[in-house]
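Heads up, the thing below is written out as C-alpha cells.
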Amino acid sequence: MKVYILTAECFDAKFVEGVFSSFSAMLTHLNSNYDYKSGITFRSDGGGGKFKDTCGLGNGTIVWSLSFEVYDVIGEHSPHNGCLKYIGD
C-alpha cells in the first residue's frame, strides 16, 4: 500500500499536515478543509510532488507551500476508524 505524507512549509517552519492512504484522500482533505485546489508538479521518480499554488492553512494569515511524499508500506487502512495500521516487525 502507498502512504501520502502532506507537508506544509513557510520560511523555517515545516510540519506534517496529514498522512493519507490515497492521493484522492489527500486532495479531498485539502478541498474540504481549506477550499484548496492547485496544479501539481510531480517528481520524476514518482516519490511525491509540490503543489503550484500556496495555501492559507487555518485562519489563512500565513501562506504555506505544500508538498507531499509517497512511500510504500506494508499495512492496511481501516474504513471503520480511518486509521492506518502498520504491519511490521
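Read-outs throughout are calculated quantities, based only on the coordinates presented, and are distinct from any laboratory measurement. Keep in mind that this is a model prediction, so the values were computed, not measured. Here the Cβ is made from the backbone with ideal geometry for all residues, glycine too, and neighbour counts use every protein chain on show.
Spatially, the stretch 51-68 and the stretch 9-30 are offset by 10 Å when compared through their Cα centroids. The angle separating the long axis of helix 23-34 from the principal Cα axis of greatest extent in the chain is about 40 degrees. Annotation for the chain: trypsin sites (Lys or Arg not before Pro) lying in DSSP loop with at most 16 further Cβ atoms inside 10 Å of their Cβ are K37, R43, K52. Rg ratio for the chain: its Cα radius of gyration over 2.2 N^0.38 Å, N being its residue count, equals 1.13. The H on the amide N of G48, modeled in the peptide plane, is under 5 Å from the matching H of R43, V70, each at least 5 residues off or on a different chain.
Working note: Karplus 6.51/-1.76/1.60 with θ = phi - 60° gives the stretch 75-81 the couplings x, 8, 10, 9, x, 6, 10 Hz, where Gly and Pro are set to x.
Amide H contacts of E17 (H built 1.01 Å from N, in plane; Pro and chain starts excluded): L6, T7, A8 sit under 5 Å, all sequence-distant by 5 or more or on other chains. Backbone amide hydrogens, once placed in the peptide plane, bring Y36 within less than 5 Å of N31, excluding anything fewer than 5 places away on its chain. Once the Cα-Cα distance is subtracted from the 0.36 nm per residue extended length, the D12 to I40 segment shows a gain of 7.8 nm.
For the chain, what is the relative contact order in percent, using Cα pairs closer than 8 Å and at least 6 residues apart in sequence?
Details: 153 pairs, mean separation 25.9, N = 89.
Dividing the mean separation by the residue count of the chain yields 29 percent.
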